Each structure stands twice: as structure tokens, then as C-alpha cells.
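One structure below.
The values are calculated or read from the model by the stated rules, or taken from the named source; none is laboratory data. Predicted, not measured: the structure shown is a model, and the values here were computed from it. Here the Cβ positions follow ideal geometry from the backbone for every residue, glycine too, while neighbour counts run over all protein chains shown. Each accessible area value is taken on the protein alone, full model and side chains, heavy atoms only, with ligands, DNA and RNA left out. Shrake-Rupley method; radii C 1.70, N 1.55, O 1.52, S 1.80 Å.
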Amino acid sequence: MSEEFHRIRRLPPYVFEHINPIKAKARAEGVDIIDLGMGNPDLPTPDHIVKKLQETVLDSRTHRYSSSKGIPGLRKAQASYYGRRFGVKLNPDTQIVATLGSKEGFANMAQAITAPGDVVLVPNPTYPIHSFGFIMSGGVVRSMPADPNEDFMRSLDRAVRHSIPKPIALVLNYPANPTAYTATLDFYAEVVKYCRDNDIFILSDLAYSEIYFDDVPPPSVLQVPGAIDITVEFTSMSKTYSMPGWRVGFAVGNERLIAALARVKSYLDYGAFTPVQVAATAALNGPDDVIEDIRRIYKMRRDVMVESFARSGWDIPVPKATMFAWAPIPPQFAHLGSLEFAKLLIRETGVGVAPGVGFGEYGDQYIRLAFVENEQRIRQAARNIKKLLGSKSGTGNVVPLAG
């Protein structure tokens with residue numbers, strides 16, 4: 001009876017379980033922790049969305065159970081968004097399910113389609129639910145490159161040919177968490193053709209569709225002709241509208257996959273609170289200037305982080321999208337690995353970061369930094385880190401960033 005439960009044994013200890021106690025101890029000792037570790041948006045939800053929630057919650061009829069698929073108005077609003085943004089036509093009744101955030105949707109999709117021993121191809125490093133949703137469902141994960149470069153297709157073909165049984169699905173995540181890699185429509189077209197030829201489903205995580213910085217909106221894989229025959233895509237209101245605690249997301253795409261997800265969810269939940277869904281509908285049908293404001297703030301923070309950290313001696317690649325920078329550990333500390341370096345940063349600088357190993361073994365030489373503090377706090381983090389690195393100037397990455 002003392003043996004750990006089967007599914008729990010398949011999950012490694014959560015990396016932040018090692019980090020959070022150190023942060024808590026430092027805070028208890030009066031240290032001002034500048035926390036760049038959690039991807040938890042700090043910006044307030046736009047006023048018109050909050051007001052719609054307040055207005056709706058006063059109607060007692062909205063206090064009853066809702067629908068696990070999402071109310072019709074919300075699904076229609078998501079269909080309209082895909083039409084405006086991507087030129088993709090979706091049937092809100094058969095090709096869209098509202099989820100309790102994209103994370104829940106992804107996990108329950110894994111539950112819906114995975115049999116014990118099924119092989120799924122997942123980027124490494126990547127957001128943990130991409131792997132562990134399938135692991136908890138009894139599947140087997142085979143790692144793929146995270147970077148959508150010329151090696152990706154060779155790796156995909158090799159993984160399909162050498163996996164027994166043949167993989168059932170490929171996970172894509174662009175713009176990527178944690179790496180901030182982005183993909184082109186040409187890349188998606190090549191992947192779709194290969195997966196259609198080999199009867200492999202595509203599960204695309206597009207949670208950062210609206211957090212981009214170079215005036216090049218990230219595409220949806222569903223823009224590729226025929227992609228909807230094999231693809232479901234997940235999006236989230238959390239970052240786009242700064243609604244992380246509201247827990248509203250979507251799965252859209254192939255009718256068979258969407259029906260499977262809807263059936264699983266019908267046994268597990270009654271959907272988000274109806275006033276939350278009504279407010280999310282107002283967000284999707286409302287003005288886009290709130291999205292542009294959120295994007296502008298993240299871009300400003302990105303620019304400040306890249307420039308100030310470089311002056312402190314830590315060169316950070318400039319991310320094109322997401323609310324994260326994916327930074328190689330400074331060479332003099334590379335031998336520590338990401339977890340020990342993250343602990344060191346908290347103890348010596350008061351700066352919290354996410355260890356790259358928490359996103360997969362191939363992330364262990366990196367740190368993820370989130371743009372969840374204001375510019376002044378980011379500059380202070382850079383000054384604190386400069387003392388640790390013992391550097392008086394940057395190493396060549398201080399350049400004016402395009403406005």
C-alpha cells in the first residue's frame with residue numbers, strides 16, 4: 001500500500017518544487033525577489049472585459065451549470081476570430097470546443113486519443129503538458145527538435161520510420177514556449193503533407209498567436225489546404241487578453257478529434273462559469289487595440305531585457321514572439337546546469353528564472369526569462385546579475401532594437 005500510484009510514478013518531480021522553497025525562504029528573510037520565472041501575465045485584463053463579467057454575473061440565470069463545449073456565442077466568436085485573423089472557416093458547432101485554458105484542452109485531447117503504448121512525437125524542449133499529457137494517458141513520447149529548421153523534416157521522417165508502433169500524432173508549438181521559435185507557412189505546408197501521407201495527427205499549440213514583435217503575425221497550421229483533415233489547434237485567452245486566471249481557451253479543427261475531446265470533457269466538467277464565457281465572447285468580438293497595447297508592452301520589456309542584460313554581461317537572443325527569452329547560461333556557469341544556476345541566481349541576485357531542464361533534457365543549458373515585471377524591475381534584475389557575473393559591460397549584443 002506504500003507504493004506510489006502508477007500515473008504519479010510516471011511524472012518526474014516538478015522543477016519549480018526545487019525553486020519555489022528557495023524563493024519563499026528569501027522573501028521571508030526580506031529579500032526583494034524579481035521573479036522572471038513564471039509565465040504569469042501581470043497586466044490587468046482590459047476594462048471592457050471585466051465590465052461584461054460584472055454585468056453578466058448579476059443575472060442569476062447565469063449561475064447554473066454551463067456547457068462543457070462552451071456557450072454557442074463564444075464558439076461563434078472564436079470562429080469569427082479564425083476567419084478574420086487566418087482566413088480559416090470553422091463550423092462553431094462541430095469544429096470548436098471551448099476549454100479551461102489551452103493546457104486543459106491539450107491534456108484532455110491526449111486522454112481522448114491515446115491508447116497505452118501509443119507513440120507521440122513531441123518537441124524537446126517544450127511546454128511540459130505537451131509531453132506529460134500523453135505520458136499520463138499511457139502514451140510513449142519520442143523527442144523531436146524544437147527548432148523548425150532544415151533538420152526538422154529529416155528528424156520527423158527518421159522518427160516515423162524507426163518508431164514501433166508508428167506514431168499517432170505530432171505536436172507543434174510555434175511561437176514556442178520556452179524557446180520562442182517561430183514557424184512559417186511553408187514549414188507548416190511541408191509538415192502537413194508528410195503527416196497526411198503517413199496518417200499522423202497534428203496537435204498545434206498556438207497560445208502565443210498574438211504576442212509577436214516584428215510585424216509578422218504567426219500563421220496557423222490550419223491555413224494550409226487540407227490541414228484540417230488531420231489537425232487540431234489550441235489557443236488561449238490568457239496571453240492575448242491578459243486573462244490567465246479566467247481559464248478560457250479553445251480547441252479547433254478536425255471534426256473527429258474535436259468530437260473525441262468534447263465527449264471526454266462531457267464526463268469531466270460543465271465548462272467555465274457562464275459569465276466568464278460571456279466576457280470572453282466580448283473580448284473576441286471587441287476592439288483589437290487592447291491586443292496591440294499588450295503586445296507593445298511586452299515588446300518594450302523585451303527590448304529592455306535584451307539591452308540591459310547584455311550590459312551586465314549576459315547576451316540573450318532576441319525573441320521574435322512570445323513573452324519569453326530563451327537564454328543560454330553564461331559560459332562561466334554552464335557547468336552548473338540550469339537548475340543549480342537558477343538556485344544560484346535567487347540566492348545571489350534575488351532574480352527568479354525558469355530552469356531550462358524543466359522543459360526537457362535538451363533545455364538544460366538554458367534559462368527561460370519571462371517579461372512579467374516592468375521595465376524598471378527588469379533593469380534592476382540586470383544590475384543585480386551584473387554583480388554576479390563580474391562584468392563591467394556587455395559582450396556585443398547591445399544594439400538599437402527596431403521600434
What is the distance, in nm, between label points placed 7 Å from the Cα along the Cα-to-Cβ direction at residue 361 and at residue 89? 4.8
Tell me, in nm to one decimal, what length is gained between residue 162 and residue 47 on full extension, where the rule is 0.36 nm per residue of separation less the Cα-Cα distance? 36.2 nm
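In debye, nearest 20, what is the charge dipole magnitude of region 66-201 about its Cα centre with +1 on Lys and Arg Cβ and -1 on Asp and Glu Cβ, if you could check?
Details: 14 positive and 11 negative charges, 86 e Å.
Dipole of region 66-201, to the nearest 20 debye: 420 debye.
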Leaving ligands, DNA and RNA out of it, work out the accessible area of residue 301 with a 1.4 Å probe and give it in Å² to the nearest 10. 10
Taking a crude spin-label model, label points 7 Å out from Cα along the C-beta direction, the residue 344 to residue 25 distance in nm is 1.7
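Enter the accessible area per residue of the chain (Å², integer; probe 1.4 Å; all protein chains in place).
Numbers: 17940 Å² over 403 residues.
In whole numbers, the chain has 45 Å² accessible per residue.
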At 1.4 Å probe size, with no ligands or nucleic acids counted, give the accessible surface of residue 293 in Å², nearest ten. 70
Measure off 7 Å from each Cα along the Cα-to-Cβ vector at residue 292 and residue 375, then give the distance between these two points in nanometres to one decimal. 1.9
From Cα coordinates alone, what are the radius of gyration and Dmax values for the chain in angstrom? 21.3, 63
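Could you sort 368, 64 by their accessible area in this structure, using a 1.4 Å probe and putting the largest first? Mind dumping the intermediate values first?
Working: 368 10, 64 185 Å².
Result, largest first: 64, 368.
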Rounded Å value of the spacing that divides the Cα centres of region 305-368 and region 122-170: 25
Calculate what fraction, in whole %, of the accessible area of region 208-364 sits on carbon and sulfur atoms when a 1.4 Å probe is rolled over the protein chains. 53
Solvent-free Debye scattering, log10 I(q)/I(0), computed from the Cα coordinates of region 113-264 at q = 0.15, 0.18 Å⁻¹: -0.77, -1.15
Compute the FRET efficiency between residue 151 and residue 267 as 1/(1 + (r/R0)^6), taking r as their Cβ-Cβ distance and R0 = 30 Å, and round to the nearest 0.05. 0.15
In terms of Cα to Cα distance under 16 Å, which lysines are near enough to residue 76, apart from those fewer than 8 places away along the same chain? 89
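Please tell me which of these pairs span more than 31 angstrom C-alpha to C-alpha: 51/299; 25/103; 52/343; 23/69?
Numbers: 51/299 27 Å; 25/103 29 Å; 52/343 42 Å; 23/69 39 Å.
Correct reply: 52/343; 23/69.
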